[in-house]
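Undergrad: There's a structure below that I have some questions on.
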Amino acid sequence: MVNFSKSEWLLALLFLVPGWVFLKTEGDLSVYFFYQVPDGQFLYLLSKLCGLFAFVFFGLQLLLGLLSSCGYQLVNKSSHRKLGLWVLVLLISHGGLFVTAASLRNQHFAYKFLLPNFFESYYPAMVSLGLLAACLVIVGVLSAIFVRHNDGVWIWMHRLAWPAFFLAWFHSYSIGSETRIAPMPFVFGLLLASIVLAICYRVWLGFSNRGAISEHLKRSGR
């Protein structure tokens, strides 16, 4: 029998929450197969589900990575990379399904959602935040695959995940209908607070280590 720690049970519950909230919100999904519904509506629902999972996976992956850089190795590097690939797949699925659903609904390719548009109105601006977050995540994931980890460029490319998370958080919470359904607000708040604290702690450790190195060099006369 497999024994799970409390942290592993918490992670499992966080993974289950988006699906449960989605089913709670949408109700009986069979209506999309047996009744007439607007074109692209089911793909739109799948897009929302992928978006919910993408955000939760992204938040957990970023948090685990930050804790690892602070010396708390909760998962191995292989698991961290696999989770990152899942985030990438879910993000691409979320955007692709959304654009496909909008194209079917409007009877033409909805390319405008693939272009940044921050100044027209509120909804396109929030969609553009999600697009920008996705681009930053893609750069961060590709840097982990193709750039050497001891390269300073890789470090800063990988840290693009930090602003990407806040953009994704604001995008999701602003226009995602399921984000207001309990317990998703708690999940959003918990991930936001945890990551802010983890980033602050990581930055503090960086300055502390830099100060310790400088003090060591002074004492050694270098």
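Undergrad: When the chain is modelled as a GNM with alpha-carbon springs shorter than 10 Å, which of F58, F146, F15 fluctuates the most?
TA: Result: F146 has the largest fluctuation of those listed.
Undergrad: Could you check which residue among S208, S47, S143 shows the biggest mean-square fluctuation in a GNM of the chain with a 10 Å Cα cutoff?
TA: Fluctuation is largest for S208.
Undergrad: So how do 183-189, 134-140 stack up, highest first, on mean other-Cβ count within 10 Å?
TA: 134-140, 183-189
Undergrad: Order of 161-171, 80-90 by packing, highest average Cβ count within 10 Å first?
TA: Descending mean neighbour count gives 161-171, 80-90.
Undergrad: Another question about this same structure. At most 11 other Cβ atoms within 10 Å and a DSSP loop assignment: could you name the trypsin sites (Lys or Arg not before Pro) in segment 98-190 that fit?
TA: For trypsin sites (Lys or Arg not before Pro) across segment 98-190 that sit outside H, G, I, E and B with at most 11 neighbouring Cβ atoms in 10 Å, the list reads R148.
Undergrad: Work out, step by step, the length gained on full extension between F186 and V153: first 0.36 nm times the residue separation, then minus their alpha carbon distance; give nm to one decimal.
TA: Separation in residues times 0.36 nm, less the Cα-Cα distance, equals 8.3 nm.
Undergrad: Percent relative contact order of the chain, based on C-alpha pairs within less than 8 angstrom and at least six residues apart?
TA: 23
Values quoted throughout were computed directly from the atomic coordinates according to the rules given, and no laboratory measurement underlies them. Only a predicted model underlies this, so the values are computations on that prediction, with no experimental measurement involved. Cβ coordinates were reconstructed from backbone atoms using ideal geometry, including for glycine residues, and neighbour counts include every protein chain displayed.
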